[in-house]
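First up is the structure itself, then whatever we jot down about it.
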Amino acid sequence: MELEEMQTLWTSLSQRIEKLEIINNQKIMEITQIKYKNKFNTITKYESIGAVFCYFIAIFILLNFYKLDTWYLSVCGVISLAFLTIMPYFSLGYLKKLSNIDLTNSTYKKIIQQYQDVRKKTIAFQKWAVVASIFMMFITIPVADKLLNGEDFFAKEFDTQMWFVIGISCVFVVYVAQWGLGWYKKITNSAEQMLFELDQD
């Protein structure tokens, strides 16, 4: 075989190898994209169920709003409606932004920068939601008491049992909110680690 033929064969072989490497890298990124999105599937499902539940309660309050017959119960009702409709919207919105980061059509630096920016906002929002949940518990109790029992919560005499129930409810709300925040941190840390591993491949 002459030198020119060998050079031509070698060039052709090199080009094929380059094409195979590009195709292989694309496949790896596509598989990584699927694995990345799957990390957020479970939490998105739970958040979606929670959102449906919140909107169902919001509709119930709206349909029975006329029963909130004092100005302070009306204010509690409006705040409850705002909370129940706005919180799920933002929570699902941040999750969507996280899970929809495109790993296939951007540079590694941009991917990490975009992810960390959205993650920071998501965690900040969830931390705020922990505090807001405690506040909302005290806002929604009077609304629920009026709509379900027909009683004015603010006109009641608070006995030991009532304070005990409120205290237990507060602890439960804080625990659930902190547990949810911890879950968000765990999943986002895992997703971030997956992105960091892309730079090592």
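A few notes on this one:
- Candidate set: region 61-75, residues that are touching a helix residue (DSSP H, G or I) at 6+ places or on another chain (Cβ under 9 Å) and open to solvent by 80 Å² or more (accessible area, probe 1.4 Å); chosen: the one nearest to GLU151 (Cα to Cα): ASP69
- Of all residues in region 166-183 being surrounded by 12 or more Cβ atoms within 10 Å (Cβ to Cβ) and of a type in the set (Val, Ile, Thr), the one that is farthest from the chain's Cα centre (by Cα): ILE166
- Checking LYS186 against (1) touching a helix residue (DSSP H, G or I) at 6+ places or on another chain (Cβ under 7 Å); (2) charged (D, E, K, R); (3) open to solvent by 40 Å² or more (accessible area, probe 1.4 Å), the condition it does not meet: (1)
- Among the numbered conditions (1) open to solvent by 30 Å² or more (accessible area, probe 1.4 Å); (2) over 15 Å from ALA144 (Cβ atoms); (3) among the β-branched types (Val, Ile, Thr); (4) in contact (Cβ under 8 Å) with a residue 12 or more places away in the chain, the only one that ILE57 does not meet is (2).
- Residues (among the acidic types (Asp, Glu) and more than 30 Å from ILE123 (Cβ to Cβ)) located in region 57-107: ASP69
- Among the residues of region 87-124, the ones that are surrounded by fewer than 18 Cβ atoms within 10 Å (Cβ to Cβ) and not polar (S, T, N, Q) come to 16 in all.
- Contact annotation: residue pairs with Cβ atoms under 7 Å, 6 or more positions apart or on different chains, pairing a residue in region 140-160 that is open to solvent by 80 Å² or more (accessible area, probe 1.4 Å) with a partner that is aromatic (Phe, Trp, Tyr) and assigned to a helix (DSSP H, G or I), are PHE154/TYR72.
- Selection count where residues are open to solvent by 80 Å² or more (accessible area, probe 1.4 Å) and either in contact with a Gly (Cβ under 7 Å, 6 or more places away or on another chain) or hydroxyl-bearing (Ser, Thr, Tyr) (or both), scope region 36-50: 1
- Restricting attention to region 139-153, the residues being assigned to a loop (DSSP other than H, G, I, E, B) and either over 13 Å from TYR66 (Cα atoms) or basic (Lys, Arg) (or both) number 2.
The values are calculated or read from the model by the stated rules, or taken from the named source; none is laboratory data. Note that the coordinates shown come from a computational prediction; the quantities given were computed from them, not determined experimentally. Here the Cβ is made from the backbone with ideal geometry for all residues, glycine too, and neighbour counts use every protein chain on show. What goes into the accessible areas is simple: the full protein's heavy atoms, side chains included, and nothing from ligands, DNA or RNA. Shrake-Rupley method; radii C 1.70, N 1.55, O 1.52, S 1.80 Å.
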